[in-house]
Amino acid sequence: MSTKRWRRLGAAWAALCLDLDRFKAVNDTLGHPVGDLLLRAVADRLLACVRETDVVARLGGDEFAIVQANLGRPEDASELARRVVATLSKPFEIDGHVINVGTSIGIAICPADGSHVDRLVKSADTALYRAKAEGRNTFRFFEARMEERQRARRELETDLRQAIANQEFELYYQPLVDLRSDRISGFEALIRWRHPERGMISPAEFIPLAEEMGLIVPIGDWVLRQACREAASWPDAFKIAINVSPVQFKNPGLIDCVEEALRHSGLPAHRLELEVTETVLLAENDAILATLHSLRDLGVHISMDDFGTGYSSLSYLRSFPFDKIKIDQMFIRDLSTNTEASAIIRAIVGLATSFGMRITAEGVETPEQLKCLRLEGCHEVQGYLFSPPRPAAEILALIETINGPGDRLEFTEQPLLMLATG
Ligand code: C2E
Ligand code: CA
Ligand code: CA
């Protein structure tokens, strides 16, 4: 807001809503008595930040509000927010534990963002939501378009709940090409949402939402069943790769879902590859490792997806014997122009080979990239150079284009006729 407009509005005050960034983890690991002491210590630090005319209140749980009176200029609110973020990001010492929490803050200003307290706190809360989404340990002022975004999101949530029942999901398949034979070795299933009004919605948009809402569990279950069923009907023993979200791994039913999908479809377990990202191992959780091992015991293969994008990719390679590593397309992008990029690929291939893992490169778009990857000893590639993800109905034609008509002769007599006549 401009200072000019600010002056016109006259005397003002601000509502700051904040909540602690890692409070739940403290409560879960150190127990509620420590959590309670932490909240008291937080309140003490907040009180030390404000003036006598300001009000500090606990709204519940780990949520606090500050009402800042008599603002001289909008910067007064951001200065207070900055002080609060700084003071709460210093470690707390409680009951012999050193605890690091942080805070996110949303700010709304009266009268610009509403003149009733309820309205103002709601606006501040909307801004808090944005602050958290944009990286935490930070603050945001309320803006009208934040509300618009939140409304759009709520609508999407409602629609997503109905999408399974309404059969609005579809699977597309993208070929993986083996570099020794130059033939398709399998396909990755990639979900699409055909929204009745909005058309196709990308998984990048709705999968994170589905994860947050817990809906990824039933959606993931559908993907497993559908992809295994379709793959079982393919002409050759192509593999099928399926993305599994970290949230699905926290669900105790995952192994049963996979077993069910295999049994129902009749797909042999060794044709199924589950792709997991590094975040699944972030917690180094014994239960998650046990699940991964149980899945491998079924005969299913496990791939590490988006390799190189996480914080400590290399250490994860030690924690579980992955069958395959998929190098993220970020590393492939500047392969033909950048010598460092090919050095990275060479290092990953060397490392993975010594662990006995296969290497797939994702996002291969140009013949130059393909050439480099061959040279570096990569086993398999995937990308627009061969084909984008395609609907199930186009798979047979795709196989014929890439693998030649050979495979097709094995499963239908039609091409023989076509060969004879033309
Ligand atoms: P991902 O698993 O890394 O999948 C690869 C993404 O890269 C796909 O995007 C694919 O269409 C795209 N891609 C493939 N080749 C190229 C290329 O040459 N150039 C470029 N620029 N992109 C390429 P898509 O289909 O939009 O999926 C995005 C992400 O959504 C996936 O990333 C995956 O993380 C997630 N996702 C998709 N389907 C599922 C699913 O069934 N379950 C779960 N949990 N996640 C899924
Ligand atoms: Ca993937
Ligand atoms: Ca990937």
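The values are calculated or read from the model by the stated rules, or taken from the named source; none is laboratory data. Since this is a predicted model, take the numbers as computed values, not measurements. In this analysis, Cβ positions are derived from the backbone assuming ideal geometry, glycine residues included, and neighbour counts consider all displayed protein chains. Calculation scope for accessible area: heavy atoms of the full protein, side chains included, ligands and nucleic acids excluded. Shrake-Rupley method; radii C 1.70, N 1.55, O 1.52, S 1.80 Å.
Surface composition of the chain: carbon plus sulfur atoms hold 52% of the accessible area, using a 1.4 angstrom probe and ignoring ligands, DNA and RNA. Past 24 Å, Cα to Cα, is the threshold; run LYS24/LYS326; LYS122/LYS250; LYS24/LYS132; LYS250/LYS324 against it and keep the listed order. Over 24 Å apart, Cα to Cα: LYS24/LYS326; LYS122/LYS250.
Note on the chain: with charges restricted to the Cβ of Lys and Arg (+1) and Asp and Glu (-1), its dipole about the Cα centre is near 1280 debye. Net charge in the neighbourhood of THR339 (other residues with Cβ under 13 Å of its Cβ; Lys, Arg +1, Asp, Glu -1) is -2.
Largest mean-square fluctuation among SER123, SER233, SER115, in a Gaussian network model of the chain whose springs join Cα atoms under 10 Å apart, belongs to SER115.
For the chain, the solvent-accessible area works out to 50 Å² per residue, with a probe of 1.4 Å and every protein chain left in place. When only alpha carbons are used to place a centre, region 47-91 and region 100-179 end up 23 Å from one another. Where in the chain are the DSSP H helices whose alpha-carbon span along the long axis reaches 15 Å or more and whose Kyte-Doolittle mean is at least -0.5? The answer, listed by residue number, is 32-49, 74-89, 117-133, 216-232, 254-265, 286-297, 339-354. Helical runs assigned H by DSSP (4 residues or longer) give the chain a calculated mean residue ellipticity at 222 nm of -14500 deg cm²/dmol, each run adding -39500 (n - 2.57) before division by the residue total.
A cut-off of 5 Å between modelled amide H atoms, ignoring neighbours fewer than 5 places along the same chain, links SER387 with no other residue. Projected label points at ARG22 and ARG263, each 7 Å from Cα along the beta carbon direction, are separated by 4.2 nanometres. With Cβ to Cβ distances under 13 Å as the rule, what net charge do the other residues near PHE355 carry (K, R +1; D, E -1)? Charge balance in the 13 Å sphere: +2.
Here's the list of aspartates and glutamates a cross-link from LYS90 could span, going by alpha-carbon distance under 15 Å and ignoring same-chain residues fewer than 8 apart: ASP21, ASP44.
What number comes out for the charge environment of GLU134, summing +1 per Lys or Arg and -1 per Asp or Glu over other residues with Cβ under 13 Å away?
Values: positive: ARG130, LYS132, ARG136, ARG140, ARG149; negative: ASP21, GLU143.
It works out to a net charge of +3.
Between LEU375, LEU298, LEU335, the residue with the greatest mean-square fluctuation in the GNM of the chain (Cα pairs under 10 Å linked by springs) is LEU375. Take the Cα of VAL98, step 7 Å toward its Cβ, do the same at ILE164, and the gap between the two points is 4.4 nm. Spacing of the modelled spin labels on THR53 and MET213, each 7 Å from Cα toward Cβ, amounts to 4.6 nm.
If R0 equals 45 Å, the separation of the Cβ atoms of THR339 and GLU134 corresponds to a calculated FRET efficiency of about 0.80. When the GluC sites (Glu not before Pro) in region 290-372 are filtered for DSSP coil states and for at most 16 other beta-carbon atoms within 10 Å of their beta-carbon, the remaining sites are GLU365.
For the options PRO235, PRO33, PRO111, a Gaussian network treatment of the chain with springs between C-alpha atoms closer than 10 Å singles out PRO33 as fluctuating the most. Spatial offset of region 249-269 relative to region 331-396 amounts to 29 Å, using the alpha carbon center of each.
Here the extension length gained between GLU368 and ASP118 equals 84.0 nm, from 0.36 nm per residue of separation less the Cα-Cα distance. Rounded is the label for region 155-421, because the ratio a/c of its alpha-carbon gyration tensor axes (a ≥ b ≥ c) stays below 1.5.
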